[in-house]
1. Using only Cα atoms and rounding to the nearest 10 degrees, what angle (0 to 90) does helix 9-20 make with the longest principal axis of the chain?
2. Is the shape of the range 1-139 best called rounded, prolate or oblate, per the rule: a/c under 1.5 gives rounded, else a/b larger than b/c gives prolate, else oblate, with a ≥ b ≥ c the square roots of the Cα gyration tensor eigenvalues?
3. Name the trypsin sites (Lys or Arg not before Pro) in the range 150-184 that are in a loop by DSSP and that have at most 10 other C-beta atoms within 10 Å, would you?
4. Assign unit charges at the C-beta atoms only (+1 for Lys and Arg, -1 for Asp and Glu), then state the dipole size of the chain relative to its Cα centre in Debye, rounded to the nearest 20.
5. Counting pairs on different chains as well as pairs 8 or more places apart, how many Lys pairs in the range 52-188 have Cα atoms under 23 Å apart?
6. Quick check on the chain: helices-only [θ] at 222 nm, where DSSP H runs of length 4 and up contribute -39,500 (n - 2.57) each and the sum goes over total residues. Nearest 500, please.
7. Kindly provide the trypsin sites (Lys or Arg not before Pro) of the range 106-153 that DSSP labels as loop, not H, G, I, E or B, and whose Cβ sees at most 15 other Cβ atoms within 10 Å.
8. Mind checking the range 1-89 for trypsin sites (Lys or Arg not before Pro) that DSSP puts in a loop (not H, G, I, E or B) and that have at most 14 other Cβ atoms within 10 Å?
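Quick note: the coordinates plus some simple rules give every number you see, no bench work behind them. What you are looking at is a predicted structure, and each value in this text was computed from that prediction instead of being measured. We place every Cβ from the backbone using ideal geometry, glycine too, and count neighbours over all the protein chains shown.
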Amino acid sequence: MCVQHIKSPKDFAKTKVEHTYNGALDTELAQAMYECDADGPLMIHTTKQYPSRDATAFHVLGRVLSGTVYAGQQVKILGENYTLEDEEDSRIGNIGRLWIPEARYNIEVNRIPAGNWVLIEGIDEPIVKTSTVTQVEDSEEAQIFRPLKFNTCSVVKIAVEPHNPSELPKMLDGLRKVNKSYPLLTTK
């Protein structure tokens, strides 16, 4: 049913890249994303994080737009504030396990080629909301994908503080985790 009514990732890749990618669209990297090339340079646009079963880490959901991601691969994670002039919001990380998200269950795999959605373990630490994941080598020209923008305003605003001031670090850690898992939430 879905195959008959939904465009393939390759058919929609050019539109997706033009609307979300901040970099130049006349480069080899952009061309690989247009073609949804599994052999091209790795480019993943991550959009959401889901807590692990034990709630100690997050699994990052992203769309592989170019290249193939492998379990155990070393990648470069570009945050929302990354630019070529200011690389402060980037970090090298190692991918743990990979899953294909399937509603209630996740199917563990060793690699995911371009055009697919993927859940990634092990790269959640530097990511706040969204990020761009690329390969470590030859990543000089890689730019970020645009962060998600929502056309809504806050409905509820609350102030919180711990009953016991010594538990402030624990509360702040909890707020950071909630902030990571819910894209519309802002904390100050």
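1. Helix 9-20 sits roughly 50 degrees off the main axis of the chain.
2. Details: a/c = 1.66, a/b = 1.04, b/c = 1.59.
In terms of gyration-tensor shape, oblate.
3. Working: sites: Lys157, Lys170, Arg176, Lys177, Lys180; in loops: Lys157.
Those satisfying the criteria are Lys157.
4. Values: 21 positive and 26 negative charges, 225 e Å.
The dipole of the chain has a size of about 1080 debye.
5. The number of close lysine pairs in the range 52-188 is 21.
6. Working: 4 runs with 37 residues, N = 188.
-5500 deg cm²/dmol, from helical runs alone.
7. Numbers: sites: Arg111, Lys129, Lys149; in loops: Lys129, Lys149.
Answer in residue order: Lys149.
8. Working: sites: Lys7, Lys10, Lys14, Lys16, Lys48, Arg53, Arg63, Lys76; in loops: Lys7, Arg53.
Sites meeting the loop and neighbour criteria: Lys7, Arg53.
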